Amino acid sequence: MTIGPALPLAILVGFVCTAVYVLVRGGAGGRLPLTFLAAVLGAWAGAAIGARLGITFLAIGDFALVPAVIVSGAAIGIVAILATLGPQSGKAG
C-alpha cells in the first residue's frame, strides 16, 4: 500500500498556511488544531478542484499548488469567522 503525494503535500501546505495565519494574527488560541485541520482539508480539496479544472500553474506533479493555497486560506477564514461568531469563553462583567 502506497500513499499518494496529495495527502503529504496537503499536510505541508496546510502547515505553512496555518503558520502564516498565526504569524499574522499573533496566535490562534485554542482553535489552532481546528485551524490546522481546516487548512489541510482545504488544501486537499483545493488540489482536487484544481486538478479537475485543469489549473496546472505551479503544480507539483499532479498536486495543483495555487488552488490548494487559495482553498486552504478560505478554510482558515471560515474557521476564524465561525470562532468570532461563536460563544466567547471569557468571563462576563
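Side notes on the structure shown:
- Hey, residue 66 in contact with a Leu (Cβ under 6 Å, 6 or more places away or on another chain) and either on the phi < 0 side of the Ramachandran plot or in contact (Cβ under 8 Å) with a residue 40 or more places away in the chain (or both) or not: yes
- Single residue of 73, 77, 42 found to be touching a residue at least 40 places away in the same chain (Cβ under 8 Å), assigned to a helix (DSSP H, G or I) and open to solvent by less than 80 Å² (accessible area, probe 1.4 Å): 73
- Pair list, Cβ < 6 Å and 6+ apart or interchain, from the range 14-29 residues that are farther than 18 Å from residue 65 by Cβ to residues that are part of a helix (DSSP H, G or I): 28/22; 28/35
- Members of the range 3-13 that are β-branched (Val, Ile, Thr) and either in a helix (DSSP H, G or I) or in contact (Cβ under 8 Å) with a residue 12 or more places away in the chain (or both): 11, 13
- Taken together, the residues in the range 30-50 that are within 14 Å of residue 71 (Cα to Cα) and either of a type in the set (Gly, Ala, Ser) or touching an Asp or Glu at 6+ places or on another chain (Cβ under 8 Å) (or both) amount to 9.
- Among the conditions (1) in a helix (DSSP H, G or I); (2) surrounded by 15 or more Cβ atoms within 10 Å (Cβ to Cβ), the only one that residue 52 does not satisfy is (2).
- Odd one out for residue 51 among (1) touching a strand residue (DSSP E or B) at 6+ places or on another chain (Cβ under 6 Å); (2) touching a residue at least 24 places away in the same chain (Cβ under 8 Å): (2)
The values are calculated or read from the model by the stated rules, or taken from the named source; none is laboratory data. On a predicted model such as this, the values are computed, not experimentally measured, just so you know. As a convention, Cβ positions derive from the backbone with ideal geometry for all residues, glycine included, and neighbour counts pool all protein chains shown. Surface areas here come from the heavy atoms of the whole protein model, side chains and all, with no ligands, DNA or RNA. Shrake-Rupley method; radii C 1.70, N 1.55, O 1.52, S 1.80 Å.
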